[in-house]
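Participant: Take this structure first; my questions come after.
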Amino acid sequence: MDNPSVSDAVYDGLMRELKQLEESNPSLISPDSPTQRVGAKPLAGFKKVTHSSRMLSLNDVFNREDVEAWIKRTDKLAPGRTHEFYANLKMDGLACALIYQNGVLERAITRGDGFVGEDVTTNVRTIKSVPLSLRNNGKNSRFLNGRTEVRGEIVMLKTDFEALNKQRELDGLPVFANPRNLAAGTIRQLDPKLVAARPLQFRAYDIIRNNPTEVTTFSSGAECLQSLGITAISPADVFTSIDEVMNFVDHWETNRHDLPFNTDGLVVKLNDRKLYAELGVVGKNPRAAVAYKYPAEEATTTLKDIVISIGRTGAATPVALFDPVVVAGTTVQHASLHNADEIERKDIRRGDTVVIFKAGDIIPQIDRVVLELRPSGVKRFHMETELKLQYPDMEFIRPTGEAVYRVKGASGPLLLKRSVQHFASKGALDIDTLGEKNVSALVEAGLVKDLADIYTLTKAQVEALDRFADISSEKLIAGVQKTIPPPLARFIYALGIRHVGTQTAIDLANHFKRLDSVGSASLDELRTVNGIGDVVAESILLWFDERDNQELLAKFRRLGVWPLEVKTVGGKLSGKKFVITGSLQTMGRDIAAEKIRALGGTFQSSLGKDTDYLVVGANVGASKLSKATKLGTNQITETEMLKLLQF
């Protein structure tokens with residue numbers, strides 16, 4: 001009924017998925033599969049008319065490699081023939097054939113299923129850009145004799161569509177979804193007066209005569225259409241090489257939004273109509289033409305999970321994680337859901353098939369759920385329940401009049417103080433001059449508004465505060481500067497990413513070597529790191545996806561505070577795993593762990609089957625020693641450890 005539940009881009013994506021399934025499983029192809037027909041069957045409300053020749057669809061291509069492969073196939077079928085190409089923008093409308101008999105409009109037929117369409121002549125006659133009789137300028141007078149068929153698209157231009165919707169808003173009527181659906185739905189109205197009231201346009205892409213020699217090329221056909229008084233689809237042009245074709249493709253990919261009509265790509269075909277006919281048809285697609293599709297601005301994917309991210313101000317933001325999907329040319333796998341009200345309004349649930357789009361061509365968002373594909377039994381998302389499950393150690397409130405849940409009792413400054421203290425802690429960058437009181441003084445004075453600000457501090461700024469004098473301020477600045485450049489593992493841990501402890505930070509550093517590689521890693525890549533499961537991987541992914549965090553990292557980089565790349569080196573303890581229990585006399589546990597790692601060993605936080613050495617310090621409980629004995633772990637003293645470390 002021309003009221004689809006999804007956009008053309010979404011439909012195309014699902015169709016491609018169906019084609020792939022059927023190619024892998026030919027026995028599943030049924031006669032009524034959508035792949036076995038071109039378009040929708042004619043509606044019962046219109047007279048059915050058989051086309052003089054089938055109105056075909058085109059195979060889709062998506063990049064230069066696809067175009068080159070298509071040209072190679074045509075070269076094999078027509079060896080030694082030089083190709084001239086004709087390319088034109090695709091217009092997003094309703095395909096229609098106009099039949100002129102002796103120059104007079106006799107009939108208009110929709111594409112239908114490609115073989116049989118609907119007679120919509122009465123409605124099409126109301127479109128002002130469709131001439132009721134062909135223009136006779138003497139040059140193409142032969143087309144005024146006998147049967148001339150013109151094929152093209154019925155469309156609505158963007159400005160006309162916007163004006164119509166604006167008026168409907170003023171009249172208190174629901175607005176239309178998009179120009180294509182409106183054009184198609186209008187033509188299928190049974191009342192021609194309604195059709196006449198809407199500003200539809202016809203744009204032609206082909207002209208057909210019983211004698212094919214009368215139109216030898218598609219480019220000459222376009223010129224002929226213009227001379228007969230019919231507007232041909234443009235922009236369009238003739239090209240002699242693939243480089244010229246791809247320049248045309250690339251130009252309009254960048255500039256298509258400035259066109260007066262909507263388009264999702266263009267058509268490229270061999271200009272020679274005789275060769276075009278000789279190459280024939282495979283299934284329902286001509287061999288001599290393809291449809292180049294620009295990256296879809298919408299795509300479907302499956303929503304795997306909804307996780308909640310806590311921002312710097314304590315705001316809890318739900319984030320959707322989904323199967324990776326290409327939208328507007330880039331792969332995305334997560335998107336902010338903003339708040340609980342947004343999830344409720346769109347009724348988004350785990351397991352749903354969702355439509356992803358890019359707001360402003362930059363930020364991925366979930367537009368809607370494809371309800372027809374919702375699995376049975378999926379449960380509604382409840383924000384308060386999820387907060388308790390995901391953050392059992394925190395309490396959240398939703399202030400009156402706000403849409404966002406926040407950590408109870410945690411203001412922005414309080415969270416910032418905690419973050420800076422963690423950043424400076426021993427396990428992180430170990431800045432002993434940034435204790436709790438000094439951090440509070442710096443934050444409350446407005447000198448530190450984010451983690452990177454500690455590297456912008458000057459001695460004069462610090463010395464002006466009540467707590468500091470000449471020596472103490474100089475000591476603080478020196479302590480901060482001493483951490484440049486920071487070790488990668490310590491820096492990752494210092495950032496305060498949820499679920500990322502010291503060992504996970506080390507594992508990430510050793511696996512990815514560079515911070516940029518950690519930040520750009522996919523969910524699947526993060527899962528390959530030893531010890532990182534779904535929860536930790538999701539937390540890392542979300543942290544690097546937060547815009548505030550991206551800006552913070554960019555600021556660190558500008559200030560020259562960027563972690564060193566991890567160099568892969570062997571060591572005498574390579575492959576050996578250590579656990580320390582009890583207190584050490586000669587050094588702290590963190591320092592011992594670093595020395596073990598420096599020699600290629602692995603420091604573990606808990607005893608396991610793969611542990612090679614349990615270092616037994618003072619005041620050790622019997623249970624851990626018992627477990628080590630059961631596992632057969634080699635138990636050594638602190639002195640023996642020092643010998644291994646060559647301390």
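The values are calculated or read from the model by the stated rules, or taken from the named source; none is laboratory data. Keep in mind that this is a model prediction, so the values were computed, not measured. Glycine also receives a Cβ, built like all others from the backbone with ideal geometry; neighbour counts cover every protein chain displayed.
Participant: Does residue 194 satisfy the criteria of being in the same structural domain as residue 275 (by TED's automatic domain parsing), assigned to a helix (DSSP H, G or I) and not charged (D, E, K, R)?
Facilitator: In short, yes.
Participant: Say we look at the stretch 579-598 and pick out the residues that are of a type in the set (Ser, Thr, Tyr) and part of a strand (DSSP E or B); which of these is surrounded by the fewest Cβ atoms within 10 Å (Cβ to Cβ)?
Facilitator: 583
Participant: Take the stretch 419-448 and flag every residue that is loosely packed, with under 15 Cβ neighbours inside 10 Å, outside any loop (DSSP other than H, G, I, E, B) and either out of contact with any helix residue (DSSP H, G or I) (no Cβ under 9 Å at 6 or more places or on another chain) or among the hydrophobic types (A, V, I, L, M, F, W, C) (or both).
Facilitator: 437
Participant: Could you please let me know if residue 542 is without any contact (Cβ under 8 Å) to a residue 60 or more places away in the chain, surrounded by 20 or more Cβ atoms within 10 Å (Cβ to Cβ) and in a helix (DSSP H, G or I)?
Facilitator: Working: without any contact (Cβ under 8 Å) to a residue 60 or more places away in the chain: no; surrounded by 20 or more Cβ atoms within 10 Å (Cβ to Cβ): yes; in a helix (DSSP H, G or I): yes.
No: the conditions fail for residue 542.
Participant: Here is a follow-up. If residue 40 satisfies all but one of (1) modelled with pLDDT under 85; (2) in a helix (DSSP H, G or I), what's the number of the condition it fails?
Facilitator: Condition not satisfied by residue 40: (2).
Here's the yes/no breakdown for (1) buried (at least 20 other Cβ atoms within 10 Å of the Cβ); (2) aromatic (Phe, Trp, Tyr):
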residue: 238; (1), (2): no, no
residue: 248; (1), (2): yes, yes
residue: 262; (1), (2): yes, no
residue: 266; (1), (2): yes, no
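Participant: Hey, another quick one. So, in the stretch 541-568, exactly how many residues are of a type outside the set (A, V, I, L, M), at pLDDT below 90 and farther than 27 Å from residue 319 by Cβ?
Facilitator: Selection size over the stretch 541-568: 3.
Participant: Out of 80, 117, I need the residue that is assigned by TED's automatic domain parsing to the domain that holds residue 187, surrounded by 15 or more Cβ atoms within 10 Å (Cβ to Cβ), out of contact with any Leu (no Cβ under 7 Å at 6 or more places or on another chain) and not in a helix (DSSP H, G or I). Which one?
Facilitator: On inspection, the qualifying residue turns out to be 117.
Participant: Within the stretch 599-614, can you find the residues that are in contact with a Gly (Cβ under 7 Å, 6 or more places away or on another chain) and surrounded by fewer than 16 Cβ atoms within 10 Å (Cβ to Cβ)?
Facilitator: The one that is in contact with a Gly (Cβ under 7 Å, 6 or more places away or on another chain) and surrounded by fewer than 16 Cβ atoms within 10 Å (Cβ to Cβ): 600.
Participant: Which residue pairs have Cβ atoms under 6 Å apart, sit 6 or more places apart or on different chains, and have a first residue in the stretch 593-610 that is under 10 Å from residue 576 (Cβ atoms) and among the polar types (S, T, N, Q) and a second that is modelled with pLDDT of 80 or more and not in a strand (DSSP E or B)?
Facilitator: none
Participant: Restricted to the stretch 152-169, and to residues that are outside any helix (DSSP H, G or I) and within 30 Å of the chain's Cα centre (by Cα), which residue is surrounded by the fewest Cβ atoms within 10 Å (Cβ to Cβ)?
Facilitator: Result: 157.
Participant: Select, from 555, 572, 513, the only residue that is basic (Lys, Arg) and surrounded by fewer than 14 Cβ atoms within 10 Å (Cβ to Cβ). Steps first, please.
Facilitator: Numbers: 555 fails: surrounded by fewer than 14 Cβ atoms within 10 Å (Cβ to Cβ); 513 fails: surrounded by fewer than 14 Cβ atoms within 10 Å (Cβ to Cβ).
572 is the lone residue from the list that is basic (Lys, Arg) and surrounded by fewer than 14 Cβ atoms within 10 Å (Cβ to Cβ).
Participant: I need a count of the residues in the stretch 399-422 that are touching a residue at least 12 places away in the same chain (Cβ under 8 Å) and either within 32 Å of the chain's Cα centre (by Cα) or under 26 Å from residue 305 (Cβ atoms) (or both).
Facilitator: 11
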